[in-house]
1. Once R0 is set to 45 Å, what does the formula 1/(1 + (r/R0)^6) return for the Cβ-Cβ distance between M193 and M140, expressed as a FRET efficiency to the nearest 0.05?
2. When a footprinting reagent is the concern and you count Cβ atoms within 10 Å, what order do Y49, Y243 take, fewest first?
3. Please list the radius of gyration and Dmax for the stretch 74-294, considering alpha-carbon atoms only, with Å as the unit.
4. Once you have the alpha carbon radius of gyration of the stretch 204-258, what is it after dividing by 2.2 N^0.38 Å, with N set to its residue count?
5. Within a 10 angstrom radius of the beta carbon, how do K135, K181, K80 rank from fewest other beta carbons to most?
6. Would you list W119, W152 from fewest to most Cβ contacts within 10 Å?
7. For the stretch 74-294, what's the relative contact order in percent, using C-alpha pairs closer than 8 Å and at least 6 residues apart?
8. Projected area of the stretch 100-155, taken from the Cα convex hull and averaged over every viewing direction, in nm²?
Amino acid sequence: MLEAERTDPDVGGAPGASSAAKRTGQRPSAGRLGLYHALLLGCVLVFWYAMTEPGLIPPFYFDDPTRAKFFFGQPLEVAKRIWSWFAGGSIYLHLGVTLIETLLAFAIGTALGLLLGLWLALSPTASTLADPYIKAMNAMPRVILAPIFAVWFGLGITSKVVFGITLVFFIVFFNVYQGVKEVSPVVLANARMLGATGRQLLRYVYLPSATSWVFSSLHTSVGLAFVGAVVGEYLGSARGVGYLIHQAEGVFDIDTVFAGIVVLTMCALILDFIVTRVEGRLLVWRPRAAETEAS
């Protein structure tokens, strides 16, 4: 078999062709990947600056050369607005409120999705009874719940957290439920044959199987938690980054709108990075893609 691989016509029998093919399929190094990201971001910023700076290039869509910056803002003005926020300290109260709402919605929604997903996945009767109701609630456009929660819980932090929970919960729930259902029956049979109890099955079989599914959902849930907080602030609030964006839209200050979007995006990326690091610590047993290909 080894001889057949060496003389395979697809690789031409050339020595080292297989290793060269593997090298071409490898991902770039972390440094080179960071350089590519920086270059791509730089190209986007340069394009944005060139298209919105009056008089830099001839206008080909708007008759007035200043209308482009009115609709799309200017990257330098956005950067100045962000700098003034953090240097003057005016952003910290609003950003703190938004982060508290986001983290509470993220944590509570994840916990509820994990617990309910495990329970229904391990309880066929309860799963059958709850199935149509969960599907109906998941199919509901949850954005329409935001004003209802504002009426029920007021314009404080509670309504934003509850709305964010409804966005995070279903993502985590369905992933946990599917992760438990994907446990191999052979693994379960072998564990029971070795005398594993129900608690041991939960700890050593079901939870490890569901953990990878949970973390795959958390990366999506991070953004949804921010969406819940910002939409709630947008509909009714006296503080928060969503409140700042709403106020800026009222006076057509597009630079402030983009500044708020950039700040929220950076916070979401930081939280997603933290989730990735925690995932790497807890899922050390999972083989990497390179190890899987090598095997």
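Every number here is computed from the coordinates shown, using simple stated rules; none is lab data. Computed from a prediction, not measured in an experiment: that's the story for all the values here. All Cβ positions, glycine included, derive from the backbone under ideal geometry; neighbour counts span all protein chains shown.
1. Working: r = 44 Å, r/R0 = 0.98.
Using R0 = 45 Å, I get an efficiency of 0.55.
2. Numbers: Y49 14, Y243 20.
Final ranking by Cβ density, sparse to dense: Y49, Y243.
3. 20.9, 69
4. Details: Rg = 17.4 Å, N = 55, 2.2 N^0.38 = 10.1 Å.
That ratio works out to 1.72.
5. Numbers: K135 10, K181 16, K80 13.
Placing the least packed residue first, the sequence is K135, K80, K181.
6. Numbers: W119 15, W152 11.
Ordered by Cβ neighbours within 10 Å, fewest first: W152, W119.
7. Working: 236 pairs, mean separation 61.9, N = 221.
About 28 percent, as a whole number.
8. On the way: hull surface 18.9 nm².
The directionally averaged projection comes out at 4.7 nm².
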